[in-house]
1. Only one of Glu198, Glu194, Glu155, Glu169 is closer than 30 Å to Val100 by Cβ and either modelled with pLDDT of 95 or more or of a type in the set (Asp, Glu) (or both). Can you tell me which?
2. Could you grab me the full set of residues in the stretch 34-78 that are touching a helix residue (DSSP H, G or I) at 6+ places or on another chain (Cβ under 9 Å) and either closer than 22 Å to His113 by Cα or small (Gly, Ala, Ser) (or both)?
3. Return yes or no: is Leu62 surrounded by 17 or more Cβ atoms within 10 Å (Cβ to Cβ) and either out of contact with any Pro (no Cβ under 9 Å at 6 or more places or on another chain) or of a type in the set (Gly, Ala, Ser) (or both)?
4. Please find, among Glu99, Glu122, the residue that is out of contact with any Asp or Glu (no Cβ under 8 Å at 6 or more places or on another chain), buried (at least 16 other Cβ atoms within 10 Å of the Cβ) and either free of Cβ contacts under 8 Å to residues at least 24 places away in the same chain or of a type outside the set (A, V, I, L, M) (or both).
5. Exactly one of these conditions fails for Leu88: (1) of a type in the set (A, V, I, L, M, F, W, C); (2) assigned to a strand (DSSP E or B); (3) free of Cβ contacts under 8 Å to residues at least 24 places away in the same chain. Give me its number.
6. Of all residues in the stretch 157-166, which are over 23 Å from the mean Cα position of the chain (by Cα) and surrounded by 11 or more Cβ atoms within 10 Å (Cβ to Cβ)?
7. Kindly establish whether Ile156 is touching a Gly at 6+ places or on another chain (Cβ under 9 Å), in a strand (DSSP E or B) and free of Cβ contacts under 8 Å to residues at least 60 places away in the same chain.
8. Checking the conditions here, which among Val108, Val130, Val171 is among the hydrophobic types (A, V, I, L, M, F, W, C), without any contact (Cβ under 8 Å) to a residue 60 or more places away in the chain and touching a Cys at 6+ places or on another chain (Cβ under 7 Å)?
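The values are calculated or read from the model by the stated rules, or taken from the named source; none is laboratory data. All values derive from a computational prediction rather than experimental measurement. Virtual Cβ from ideal backbone geometry, glycine too; neighbours counted across all protein chains shown.
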Amino acid sequence: MEQVKLTADLRTEYGKSAARKLRRAGFMPAVLYGQKTEPVALSLELYQLKKAMSTEARESILIDLTIAKGEKTQNRTVMLKELQVDPLKGNYLHADFYEVAMDERIVVPISIHLIGKAKGVEAGGVMRQVRREIEVSCLPSEIPEHIEIDISDLEIGNAIHLSEIKLNERVEILGDLNTTIATVLPPTVVKEEEPAEEFEEEGIEGEDAPKETQDEEKNEKGDVKST
């Protein structure tokens with residue numbers, strides 16, 4: 001996987017007011033840490049991070065991070081561990097970077113892309129993608145950009161499971177191998193509503209008629225005498 005390049009400066013000011021000052025200037029606070037790395041406070045250009053994180057695989061991107069302290073610089077290979085985003089405005093607020101060792105395996109999520117058109121869909125079925133990403137364990141240099149699965153041969157009722165995904169032998173797929181990745185469902189049958197039966201209006205007579213109607217009829221026939 002191709003590495004993304006970012007530059008950052010060591011941060012010496014902390015707290016909410018310092019963070020707001022950074023954001024007003026077009027920067028944002030960040031921190032770098034790792035299993036063998038002491039936490040380091042950073043600031044980086046907001047535009048750079050947005051550009052680097054514009055891909056769907058941002059959680060599995062290797063980042064070549066250049067850290068500047070005055071005229072001195074040092075490079076670290078890192079991955080984005082967490083990105084805090086304003087829920088209302090969508091602005092980036094804070095980033096956590098994790099330093100990785102190129103000779104140690106890591107666990108990362110990889111997105112799944114379905115390619116082709118299933119035979120079952122052409123026959124009227126409905127394609128359902130159950131899982132859009134899976135986790136794999138591998139060396140940082142072996143991280144797949146994404147996983148492509150050809151669904152062309154799927155008939156109605158067929159499914160692809162995790163066990164059917166084939167990757168580089170150095171990349172281990174994690175999770176239950178019986179997990180369904182995608183399936184073609186039978187077409188949904190919409191039952192048409194039956195038209196309501198039409199009844200002819202019939203006159204209301206005799207004992208079935210309301211009392212008021214019976215009284216009116218008796219008055220007309222002279223059965224009820226006025227008092």
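1. Details: Glu198 fails: closer than 30 Å to Val100 by Cβ; Glu194 fails: closer than 30 Å to Val100 by Cβ; Glu155 fails: closer than 30 Å to Val100 by Cβ.
Only one candidate qualifies: Glu169.
2. Across the stretch 34-78, the qualifying residues are Ser43, Ala52, Arg58, Ile61, Leu62.
3. So Leu62 fails the test.
4. Glu99
5. (2)
6. Gly157, Asn158
7. no
8. Val171
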